[in-house]
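Undergrad: Structure provided below as structure tokens; questions to follow.
The values are calculated or read from the model by the stated rules, or taken from the named source; none is laboratory data. Values in this document were obtained by computation on a predicted structure and should not be read as measured data. Backbone-built Cβ (ideal geometry, glycine too); neighbour counts: all protein chains shown.
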Amino acid sequence: MSTAAATVKWLYPGMRVKRWILLAIFGIAIGFLGFAFFNHAQPVDALTLANRIVRWIAAKWQMRVEDHPAATWLGVGLMVVAGGIVLYSFSRLTHSLTSALNPAGGDTRLVDVVHRNRVLAQGPRVVVLGGGTGLSTMLRGLKQYTSNITAVVTVSDDGGSSGKLRNQLNMLPPGDIRNCLVSLADSEATMTDLFQYRFRANTAEGLRDHAFGNLLIAAMCEISGGDFEQAVRLSSRVLNIRGRVLPSTLTHVTLRAQMEDGSVVDGETSIAHSDKRIRRVMLCPDEAEPLEEVLEHIRAADIIVIGPGSVFTSVLPNLLVPGIQEALRSTRARKIYVCNVMTQPGETDGFSASEHVKAIDTHLKRPVFDYVLVNTEVPSLEVLNKYRKSGSVRVEPDTDRIRALGYRPIKGNFISQTDVVRHDSARLAEAIMKLIGY
């Protein structure tokens, strides 16, 4: 459609914009009249018609406009009225356009749509690597600063709904990707609630414990002829997300752990529930190929965030994909590791912040990040006691040891004080953006 045809379309019946455009024109006309009075009907090329109307009105009122003091005040009054009419018509026009863009209601405003599409589109390029709830929490904060976000998600999950779909449909696990899509979503709450809805125990056996979003991604994968990357892209459109969500690899990988007693455990779920201490983890097969798009986004990034999330089962699986470490070392982006707030039973029992960093370093040829963000705030005693019952304790912020390892610690209060201990998305995003002066 040509530009002219598209412009004329605004005047079609039912668009509900003509009345407000006409009202604005009426307001502008009154404004011209007001200025003509204010100018005492002195010749101004742009006001010729208005001047004639003012002279006609003055003749009817038997008033000499050129030197009558009332003309000035009448002009000011008319211009004020005109400004009010124009502003009101503009606000109604905006409301009419917004209701067309968002017929379901809600608090979406046209200015917010423009802000997202224009301002946030010019924001810094951020790449986030990880998985689990920690990653999705952080994305909620980052999307307030930029829509140039790429979330690189691990695909080694083999438990729950993701594990079932992986085994039954031979597809990559969609769970962590679903959580990231929801976190970056710009759609109404009903749609995000739908994506996160999980069928309960009283449901038919085939649907039990499945998240609706996982099933939708599985359906998209079937529609796309088994193309998982395309399935994620289509699901992103459904939720109208800010940014991109990409799997770290399209290769079907299994996470394998070597324990401190020399035994080997296969599968992310088995590793997380093992009562043995983890020495190191690896991917099987070890020749998994990264997405070229992931490598491109890493190289072009302004800032790269690793974590938060389970060190061995969410963070490291991404870093172990061949090519990703090299891309991280070659980029000029600032790179930061976000340390967990609480230890994770079965994975990081008793780990301090520096031991989280050491666990990652052990698996890398050379460091891939420069900064370590560490929470120094202490949660309430009540909450800490609740976590202690499940074997989880606060991660000690031993920033001196982190500095001794060659990293620059970023200390602060980065948690939300609720009945659970997790990062506060707004504080986390603010600290990250400060690294690049944003």
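Undergrad: Could you say which residue among Ala272, Ala288 is within 20 Å of Asn167 (Cβ to Cβ) and in contact with a helix residue (DSSP H, G or I) (Cβ under 7 Å, 6 or more places away or on another chain)? Let's see the steps before the verdict.
TA: Numbers: Ala288 fails: in contact with a helix residue (DSSP H, G or I) (Cβ under 7 Å, 6 or more places away or on another chain).
When all the criteria are applied, what remains is Ala272.
Undergrad: Looking only at segment 230-263, count how many residues are of a type outside the set (A, V, I, L, M), under 21 Å from the mean Cα position of the chain (by Cα) and surrounded by 15 or more Cβ atoms within 10 Å (Cβ to Cβ). Outline the logic, then answer.
TA: In the first step, residues of segment 230-263 are kept if they are of a type outside the set (A, V, I, L, M); the result is 230, 233, 235-237, 240, 242-244, 247-249, 251-252, 254, 256, 258, 260-263.
From what's left, under 21 Å from the mean Cα position of the chain (by Cα): 230, 233, 235-237, 240, 242-244, 247-248.
Still in the running and surrounded by 15 or more Cβ atoms within 10 Å (Cβ to Cβ): 233, 235-236, 242-244, 247-248.
Of the residues in segment 230-263, 8 are of a type outside the set (A, V, I, L, M), under 21 Å from the mean Cα position of the chain (by Cα) and surrounded by 15 or more Cβ atoms within 10 Å (Cβ to Cβ).
Undergrad: Output the residue which, of all residues in segment 43-55 that are part of a helix (DSSP H, G or I) and either basic (Lys, Arg) or surrounded by fewer than 13 Cβ atoms within 10 Å (Cβ to Cβ) (or both), is modelled with the lowest pLDDT.
TA: Ala46
Undergrad: Yes or no: segment 150-157 includes at least one residue that is free of Cβ contacts under 8 Å to residues at least 40 places away in the same chain and out of contact with any Gly (no Cβ under 7 Å at 6 or more places or on another chain).
TA: no
Undergrad: I'm trying to understand the selection: among the residues of segment 174-193, which are at pLDDT below 85 and either of a type outside the set (Asp, Glu) or surrounded by 21 or more Cβ atoms within 10 Å (Cβ to Cβ) (or both)?
TA: Ser187, Ala189, Thr190, Met191, Thr192, listed by residue number.
Undergrad: Could you pull out the residue among Ile271, Ile223 that is in contact with a Lys or Arg (Cβ under 9 Å, 6 or more places away or on another chain) and either modelled with pLDDT of 90 or more or under 20 Å from Val321 (Cβ atoms) (or both)? Quick ask: steps written out before the conclusion?
TA: Working: Ile223 fails: in contact with a Lys or Arg (Cβ under 9 Å, 6 or more places away or on another chain).
Going through Ile271, Ile223 in turn, the sole match is Ile271.
Undergrad: Determine which single condition Gly225 fails, assuming it passes every other condition in (1) without any contact (Cβ under 8 Å) to a residue 40 or more places away in the chain; (2) buried (at least 20 other Cβ atoms within 10 Å of the Cβ); (3) under 24 Å from Pro290 (Cβ atoms).
TA: Unmet condition: (2).
Undergrad: If we keep just the residues of segment 324-375 that are small (Gly, Ala, Ser) and surrounded by 17 or more Cβ atoms within 10 Å (Cβ to Cβ), which is nearest to the chain's Cα centre (by Cα)?
TA: Ala333
Undergrad: Sticking with this one: Kindly provide the set of residues from segment 251-286 that are touching a Ser or Thr at 6+ places or on another chain (Cβ under 8 Å) and in a loop (DSSP other than H, G, I, E, B), ordered by number.
TA: Applying the first criterion (touching a Ser or Thr at 6+ places or on another chain (Cβ under 8 Å)) to segment 251-286 yields 253-255, 257, 259, 265-268, 271-272, 276, 280-281, 283-285.
Val253, Gly267, Lys276, Pro285, listed by residue number.
Undergrad: Would you pick out the residues in segment 160-184 that are polar (S, T, N, Q) and under 23 Å from the mean Cα position of the chain (by Cα)?
TA: Ser162, Asn179, Ser183
Undergrad: Shifting gears a bit: How about segment 56-173: which helices (runs of 4 or more DSSP H) wholly inside it have at least 2 residues that are at pLDDT 70 or above and at negative phi?
TA: Filter on segment 56-173 gives 69-101, 132-142, 160-169.
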